[in-house]
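Remarks on the structure that follows.
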Amino acid sequence: MTGDVSYDIVVDSVVDILKKAQTHLPQDVIDALRKARSQESSAIAREQLEAILKNIDIAARKQVPLCQDTGILIFFVEIGRDVKLDFSIEAAINEAVRIATESIPLRPNAVDPITRHNTGTNTGNGIPDIKYEFVEGDKIRITAAPKGAGSENMSALRMFNPTEADRIREFVVETILKAGGKPCPPIIVGIGIGGSFDKAARLSKLALLEDTGKMDEFERSILNDINTLGIGPMGLGGDNTALAVHIKKACCHTASLPVAVNIQCWANRHASVTLGGSK
């Protein structure tokens, strides 16, 4: 193992970040919601945003999940190339998920895709979804990012011809328009451009972890287009259909242009922990 990282420490740490992710929103998301409330021209929309912010406060104070849909559990794990482990980090994360399902508690959401049999533990074949990346250093960083079905179901991916880059904006806005109020807006929009069919989707989900207040000119222009749709908070109309748009890109084949749009509801839940290291 590395530093003070052990199987039990990973289990305990993952349980902790799952509870934090389920009961507290990152401050940048709260700030974006408050900004949306202050700028919203629709009285009904302001009421919805006020209810969302009240919900966030109650969840944090009472240490209960922000939403009854506690999501499918997704983890991003960065492992330093100098880390040496004598245990299975995947086994530790799975055990943590089973513990958290009982202790937080979490709604059991993991089912067989055909039989719909529920495992009851939020674990099963391929779930939780753990994405690994090897980085420099001697630390392990684990991010928990629960993803609800209402927003996930409205996400989309399209394989464009390489000459159709000018249609990306249109595709994104059409996807949000089709989603309407189903993903519980105001939403955060993650866009993956390039890579392969599956790489674009992974990039779009990773983009949801970016700070909502930090967008480049292209991202802000798409955000403005989305907010002209008038869908508004909870689909009841208003100026704030989305809080942020984030794009991640990767090189792709000369003959393809994959584009994925991953939609996240206002409850953009995620929390991280860094373990080990020499300092």
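What shape does region 168-223 take by its C-alpha gyration tensor, where a ≥ b ≥ c are the square roots of the eigenvalues and a/c under 1.5 counts as rounded, a/b above b/c as prolate, and the rest as oblate?
The shape class here is rounded.
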- Query: Taking the Cα centre of the chain as the origin, how large is its charge dipole in debye, to the nearest 20, when only Lys and Arg (+1) and Asp and Glu (-1) carry charge on their Cβ atoms?
  - Reply: 400 debye
- Inter-part distance where region 192-210 and region 55-93 are each reduced to a Cα centre, Å: 20 Å
- State, as an integer percentage, the relative contact order of region 149-264 based on alpha-carbon contacts under 8 Å between residues 6 or more apart. 44 percent
- Can you sort Leu157, Leu206 so the residue with the fewest Cβ neighbours within 10 Å comes first? Leu157, Leu206
- For region 1-156, with only Lys/Arg (+1) and Asp/Glu (-1) charged at the beta-carbon, what is the dipole magnitude about the Cα centre, in debye rounded to 20? 600 debye
- Task: Pairs of Cα atoms under 8 Å, at least six residues apart: use those to get the relative contact order of the chain, whole percent.
- Result: 27 percent
- The size of the Cβ-based charge dipole (Lys, Arg +1; Asp, Glu -1) of region 149-264 about the Cα centre, to the nearest 20 debye, is 320 debye
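Per DSSP H run of n ≥ 4, the term is -39500 (n - 2.57); total these for the chain, divide by its residue number, and report the mean residue ellipticity at 222 nm rounded to 500 deg cm²/dmol.
Using -39500 (n - 2.57) per qualifying helix, the result is -11500 deg cm²/dmol.
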- Task: Quick one: order Ile231, Ile56, Ile44 by neighbouring beta-carbon count within 10 Å, fewest to most.
- Result: Ile44, Ile56, Ile231
- If you take the square roots of the eigenvalues of the alpha-carbon gyration tensor of region 62-220 and sort them as a ≥ b ≥ c, do you get rounded (a/c under 1.5), prolate (a/b over b/c) or oblate? oblate
- Consider the candidate values (i) 21.8; (ii) 19.6; (iii) 21.0; state which one is Kirkwood radius over Cα pairs in Å computed from the structure displayed. (ii)
- What FRET efficiency would be calculated for the residue pair Leu85, Glu217, taking the C-beta separation as r and a Förster radius of 51 Å, to the nearest 0.05? 0.75
- Note on the structure: Among Asn55, Gln264, Ile142, the residue whose Cα sits farthest towards the positive end of the charge dipole of the chain (+1 at Cβ of Lys and Arg, -1 at Cβ of Asp and Glu, taken about the Cα centre) is Asn55
- Task: Take Phe75, Phe218 and order them by how many other Cβ atoms sit within 10 Å, fewest up front.
- Result: Phe218, Phe75
- Rounded, prolate or oblate: which one fits region 129-183, using the alpha carbon gyration tensor with axes a ≥ b ≥ c (rounded when a/c is under 1.5, else prolate when a/b beats b/c, else oblate)? oblate
- 15 Å Cα-Cα reach of Lys205 towards aspartates and glutamates, excluding residues that sit fewer than 8 places from it in its own chain: Asp129, Glu133, Glu152
- Task: Multiply the residue gap between Phe197 and Arg167 by 0.36 nm, knock off their C-alpha separation, and tell me the result in nm, one decimal place.
- Result: 9.1 nm
- For region 117-125, in residue order, the Karplus 3J(HN,Hα) values (coefficients 6.51, -1.76, 1.60; θ = phi - 60°; whole Hz; Gly and Pro = x) are 5, 8, 6, x, 10, 6, 10, x, 4
- Message: Amide H of Ile247 versus every other amide H placed in the peptide plane: which residues, excluding those fewer than 5 positions away on the same chain, fall under 5 Å?
- Response: Ile191
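Read-outs throughout are calculated quantities, based only on the coordinates presented, and are distinct from any laboratory measurement. Worth saying up front: this structure is predicted, and the values here are computed from it rather than measured. Glycine also receives a Cβ, built like all others from the backbone with ideal geometry; neighbour counts cover every protein chain displayed.
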